[in-house]
Amino acid sequence: MAVIPLNTHDHQPIRLCRSEIVSITEIAWETFVLRLKEPALSQNAHPGQFVEIRVPRCADILWRRPFSIHDADGEAETIDILFHAVGRGTEALKHLQVGDVLDLLGPLGNSFHIDDHLTEAIIVAGGLGIAPFKLFLRKTRQRNVPTTLFYGVGKKEQLCRLDDFQPSAQVRVSSVDGSVGSRGMVTDLLIEHLRTVPDMERKCLFVCGPTPMLRKVQEIAAQFQIKAQVSVETIMACGFGVCVGCAVPMRFPDPGKKEYFLACKEGPVFNMEEIIIHD
Amino acid sequence: MIDMSVKIGPLRLQNPIMTASGTFGYAEEFKDIIPLNQLGAVITKTVTVEPRPGNPPRRIVELNNGMLNSIGLPNVGVEQFIIEKLYFLQSLKTTVIVNVAGKTGDGFVECVRRLEDVDGIAGYELNYSCPNVKEGGLSFSSNAATAAQVTRAVRRVAKRPLIVKLTPNVTSISEIGLACQENGADAVSAINTLVGMAVNVKTRRPKLATITGGYSGPAIKPIALAKVYELVSKLTIPVIAIGGIATVEDVLEFLITGASAVQLGTVNFYDPGASVRIIDELHAYCIQHQLGSLSEIIATLNISR
């Protein structure tokens with residue numbers, strides 16, 4: 001199976017921006033969409049890319065926080081960030097007001113490569129791993145690539161509204177407790193689907209979610225001989241290649257020379273077979 | 001016109017704001033973000049003779065007002081550095097200093113000797129003190145005798161200015177500094193990171209893969225100030241201050257204490273515009289206080305009672 005060349009955007013300038021908050025909307029349990037006025041970024045963001053946001057008025061929070069670009073609307077000149085208020089940084093973000101201005105760095109990283117010849121783009125998203133796929137679906141819709149979305153959550157309250165995704169994709173939902181969609185893991189739905197469809201050569205998985213899910217999808221992709229691109233989440237201090245903290249172990253290293261990818265520069269999207277998924 | 005320039009031994013910088021090794025890549029990473037030619041100097045990420053892959057993750061931990069890192073000096077090696085990274089650095093008008101490390105004293109000498117052949121480098125900073133590199137069994141700046149020996153050996157091959165970066169993880173930083181001074185160092189820079197550690201109480205595992213790492217960021221500034229004070233009191237060569245500098249006030253504290261210049265480190269990660277903003281603020285400070293040159297403020301610490 002040939003490795004897909006991923007999209008790099010090395011020549012796209014990284015900008016420090018001051019972005020005004022247009023809206024903050026709670027769309028699921030402790031889960032928010034932050035909409036920012038961003039004329040330049042809204043035009044040139046690619047699905048899978050991310051931005052680094054400085055948490056305002058929190059001098060003791062040192063690092064910026066990385067967020068996938070959830071959506072980019074070139075006409076409205078806005079970008080959306082999807083976040084779950086889990087830590088100090090995101091807790092502070094949810095209390096921001098419309099009109100507040102954020103210090104933002106982006107666009108950062110590479111993006112998903114959507115081949116025009118795909119007969120099906122299969123998204124596998126777990127929890128907040130749904131984040132990069134709204135923008136992704138804009139692209140598959142524009143290019144008429146048939147898309148299926150497998151979206152797993154823990155429970156119903158965590159599910160983001162499906163109307164954002166349903167016009168552009170066949171959507172199948174699962175929840176661990178069975179409160180919405182099928183009961184169980186999203187990877188069970190994926191296996192079921194892959195058993196019924198032919199032509200793996202012209203399909204590709206696009207994956208984002210928690211580590212146990214990624215490990216399972218990696219196994220499934222190998223078993224069904226299907227290509228898979230994954231957006232990884234790592235801890236990072238900078239987002240643009242200087243802290244070198246976001247190391248992702250390579251499956252096929254050059255020992256003693258190059259054994260790690262950098263998630264911020266060489267990722268966050270990787271061919272799943274090329275990396276070792278670790279905690 | 002205010003003279004913002006500072007002298008570090010044989011080097012003259014257009015202003016005292018330098019960027020610390022390991023926090024600024026090879027400068028190219030910042031090219032879209034800040035006007036690089038406004039900086040006093042750029043210090044590259046560490047270069048070694050052989051390529052290094054670096055340490056396994058997890059490599060970094062965020063703490064209150066600081067961070068831990070254990071990166072392990074990943075780099076492409078000096079030959080690839082010359083091929084891939086140097087071209088951009090040569091295109092800069094600002095002063096470029098290459099940070100160099102070796103597993104042994106010979107490693108430092110070999111790396112510097114190779115760099116002596118190429119243009120566009122104003123000097124070297126010797127990284128004796130990365131706390132995250134285990135092999136060799138020798139931390140060159142934790143022992144005055146080895147620090148002296150390596151400085152002397154590199155001095156023999158280096159025509160360009162030599163800065164030695166010192167570790168604070170020693171009993172007496174000035175003893176090591178003096179050993180470097182006596183053996184040909186043109187300046188010292190201090191402090192490198194402090195050895196630190198963090199534990200995940202749920203898993204009872206160390207947060208860093210290498211267990212301990214280097215502690216940096218605003219939290220370490222008072223320690224850095226005390227070490228810089230000790231060094232400027234005992235040494236005659238210039239001292240370049242490093243350690244938690246994130247604002248113009250921080251810069252002024254170190255200059256008043258006697259540092260000839262400063263390096264911005266961790267702040268470059270989270271506030272990449274900080275270096276050029278601080279240069280502007282330093283300029284504004286000089287105007288406000290009617291200083292003809294910035295050097296008027298250096299080493300003006302008043303310790304009378």
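The values are calculated or read from the model by the stated rules, or taken from the named source; none is laboratory data. These numbers were taken from a predicted model, which means no experiment stands behind them. Cβ atoms come from the backbone with ideal geometry, glycine included; neighbour counts cover every protein chain shown.
At-a-glance table
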{"quantity": "Given (1) within 24 Å of A:Pro268 (Cβ to Cβ); (2) in contact (Cβ under 8 Å) with a residue 12 or more places away in the chain, number of the condition A:Glu219 does not satisfy", "calculated": "(2)"}
{"quantity": "Residue that is within 14 Å of chain B (Cβ to nearest Cβ), part of a strand (DSSP E or B) and either over 27 Å from A:Phe261 (Cβ atoms) or among the aliphatic types (A, V, I, L, M) (or both), where the choices are A:Leu102, A:Leu62", "calculated": "A:Leu102"}
{"quantity": "Residue count, region B:190-220 (criterion: assigned to a loop (DSSP other than H, G, I, E, B), more than 14 Å from chain A (Cβ to nearest Cβ) and within 26 Å of B:Ala148 (Cα to Cα))", "calculated": "2"}
{"quantity": "Test: residue in region B:69-84 that is more than 30 Å from A:Ile277 (Cα to Cα), modelled with pLDDT under 95 and within 14 Å of another protein chain (Cβ to nearest Cβ)", "calculated": "no"}
{"quantity": "Residue in region B:29-39 that is farthest from B:Ile242 (Cα to Cα), counting only those that are surrounded by 19 or more Cβ atoms within 10 Å (Cβ to Cβ) and more than 9 Å from every other protein chain (Cβ to nearest Cβ)", "calculated": "B:Leu36"}
{"quantity": "Test: residue in region B:40-60 that is surrounded by fewer than 18 Cβ atoms within 10 Å (Cβ to Cβ), at pLDDT 95 or above and more than 10 Å from chain A (Cβ to nearest Cβ)", "calculated": "no"}
{"quantity": "Residues located in region A:65-83, provided they are out of contact with any Cys (no Cβ under 9 Å at 6 or more places or on another chain) and either within 14 Å of another protein chain (Cβ to nearest Cβ) or under 13 Å from A:Ser19 (Cβ atoms) (or both)", "calculated": "A:Arg65, A:Phe67, A:Ile69, A:Ala72, A:Glu77, A:Thr78, A:Ile79, A:Asp80, A:Ile81"}
{"quantity": "Residues (among the acidic types (Asp, Glu) and in contact (Cβ under 8 Å) with a residue 24 or more places away in the chain) located in region A:79-108", "calculated": "A:Asp80, A:Asp100, A:Asp103"}
{"quantity": "Subset of region B:136-189 [polar (S, T, N, Q), out of contact with any helix residue (DSSP H, G or I) (no Cβ under 8 Å at 6 or more places or on another chain) and not in a loop (DSSP other than H, G, I, E, B)]", "calculated": "B:Gln181, B:Ser189"}
{"quantity": "Subset tally (residues that are modelled with pLDDT of 95 or more, among the hydrophobic types (A, V, I, L, M, F, W, C) and surrounded by 24 or more Cβ atoms within 10 Å (Cβ to Cβ)) for region B:109-153", "calculated": "3"}
{"quantity": "Flag for A:Val180 being among the β-branched types (Val, Ile, Thr) and not in a loop (DSSP other than H, G, I, E, B)", "calculated": "no"}
{"quantity": "Conditions (1) more than 14 Å from chain B (Cβ to nearest Cβ); (2) assigned to a strand (DSSP E or B); (3) surrounded by fewer than 17 Cβ atoms within 10 Å (Cβ to Cβ): number failed by A:Arg18", "calculated": "(1)"}
{"quantity": "Any hit, region A:24-40, residues being in a loop (DSSP other than H, G, I, E, B), β-branched (Val, Ile, Thr) and surrounded by fewer than 22 Cβ atoms within 10 Å (Cβ to Cβ)", "calculated": "no"}
{"quantity": "In region A:55-78, residue surrounded by the most Cβ atoms within 10 Å (Cβ to Cβ) [restricted to those that are touching a residue at least 40 places away in the same chain (Cβ under 8 Å) and out of contact with any helix residue (DSSP H, G or I) (no Cβ under 7 Å at 6 or more places or on another chain)]", "calculated": "A:Ser68"}
{"quantity": "Selection count where residues are of a type in the set (A, V, I, L, M), more than 14 Å from chain A (Cβ to nearest Cβ) and in a helix (DSSP H, G or I), scope region B:249-300", "calculated": "11"}
{"quantity": "Residue that is farthest from the other protein chains (Cβ to nearest Cβ) [pool: residues in region A:249-274 that are among the aliphatic types (A, V, I, L, M) and touching a helix residue (DSSP H, G or I) at 6+ places or on another chain (Cβ under 9 Å)]", "calculated": "A:Met272"}
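Conditions (1) buried (at least 20 other Cβ atoms within 10 Å of the Cβ); (2) touching a His at 6+ places or on another chain (Cβ under 9 Å), marked per residue:
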position	(1), (2)
A:His193	no, no
A:Leu205	yes, no
A:Ala222	no, no
A:Gln229	yes, yes
A:Glu233	yes, no
A:Ala237	yes, no
A:Val242	yes, no
A:Ala263	yes, no
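Let's see how each residue does on (1) within 20 Å of B:Lys31 (Cα to Cα); (2) touching a strand residue (DSSP E or B) at 6+ places or on another chain (Cβ under 6 Å); (3) of a type in the set (Lys, Arg); (4) free of Cβ contacts under 8 Å to residues at least 60 places away in the same chain:
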site: A:Gly239; (1), (2), (3), (4): yes, yes, no, no
site: A:Val244; (1), (2), (3), (4): yes, no, no, yes
site: A:Val248; (1), (2), (3), (4): no, yes, no, yes
site: A:Asp254; (1), (2), (3), (4): no, no, no, yes
site: A:Lys257; (1), (2), (3), (4): no, no, yes, yes
site: A:Tyr260; (1), (2), (3), (4): no, yes, no, yes
site: A:Glu266; (1), (2), (3), (4): yes, no, no, no
site: A:Glu274; (1), (2), (3), (4): no, yes, no, no
site: A:Asp279; (1), (2), (3), (4): no, no, no, no
